[in-house]
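Comments concern the structure below.
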Amino acid sequence: AEIRRFRSAFALTSAAILLAAAAVVWILFQMDRLATQRARFAAAAAHELKTPLAGLLLHAEMLAEDLGDTEHRTRYAATVSAEANRLGRVVSNMLDLTRLERATPLAAPREGDLGLAVKQRVEQQRSRLEDAGVSVDVDIEEDLPAALFDADALGQIVDNLLDNAEKHTREVEDRRVSVTLASDDDRVRVQVADNGPGIPRGQRRILFRPFDRSQEAVGRPGLGLGLAVARSFARAQGGELELQSNDQPGATFVLTLPRA
């Protein structure tokens, strides 16, 4: 009986030690992964902030010194505006991340015209995208029903999806992005599709995680926050943001929001 009790206690103690060791190893692994992600984020953030700041400084100096003719000055001013908007989007994503970590409410949905709101946001970005060589088409279903959404949160989602499409079509000769709005029984869908190389299957599982970037995306612009922030904004409005699964070229993201 004593031997049996000893064996039972020894087995339980050994199992507890093994579980504790496994837990320590898992915690160390997660800490190392988080440290690597933070380091990548810091490097990407420094690059994303430095690039528009350099452009702002260069073209602002040209304007200040009155260099070039009137046409050139107009182009310099447009570049300053574009770089300032880019810098604003980077800072906005970083601020939105802190709001997510603090569980701050992200949206206050209200009834509104989703088609008009999306079209206005796309038009705000159209000149920047066309200057980069990207054509944008908007197709809105006739008699699109009203939806429940937050205009600011919706704008952040659309901006991030358009930015994502612009970044991932840079290797394509004829760069195109289509924005389509349609509805079903209880949802309104906003579909943003590009004609880039698409998202590899191995990358799709980490696509919406903050800081997680595949090896293919490490050298590309971005912080790895845009899609994570966009999905959080979608869910804060009672909707969802997903990557449409298909084998067609390009990537198609679908935002669904509740009908009013």
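The values are calculated or read from the model by the stated rules, or taken from the named source; none is laboratory data. What you see is a predicted model; the values in this text were computed from it and never measured. Using ideal geometry, Cβ is built from the backbone for each residue, glycine included, and neighbour counts are taken over all protein chains shown. Please note that ligands, DNA and RNA were not included when accessible areas were found on the heavy atoms of the full protein model with its side chains. Shrake-Rupley method; radii C 1.70, N 1.55, O 1.52, S 1.80 Å.
At a glance:
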{"read-out": "Criterion: at pLDDT below 70 and either surrounded by 17 or more Cβ atoms within 10 Å (Cβ to Cβ) or part of a loop (DSSP other than H, G, I, E, B) (or both) - qualifying residue of Glu48, Glu71, Glu83", "value": "Glu48"}
{"read-out": "Pairs where the first residue, in the stretch 11-22, is in contact (Cβ under 8 Å) with a residue 60 or more places away in the chain and the second is open to solvent by 60 Å² or more (accessible area, probe 1.4 Å), C-beta under 6 Å, 6+ apart", "value": "none"}
{"read-out": "Selection status of Asn93, at pLDDT below 75 and open to solvent by less than 40 Å² (accessible area, probe 1.4 Å)", "value": "yes"}
{"read-out": "Breaking point among (1) surrounded by fewer than 21 Cβ atoms within 10 Å (Cβ to Cβ); (2) over 15 Å from the mean Cα position of the chain (by Cα); (3) at pLDDT 85 or above, for Thr252", "value": "(2)"}
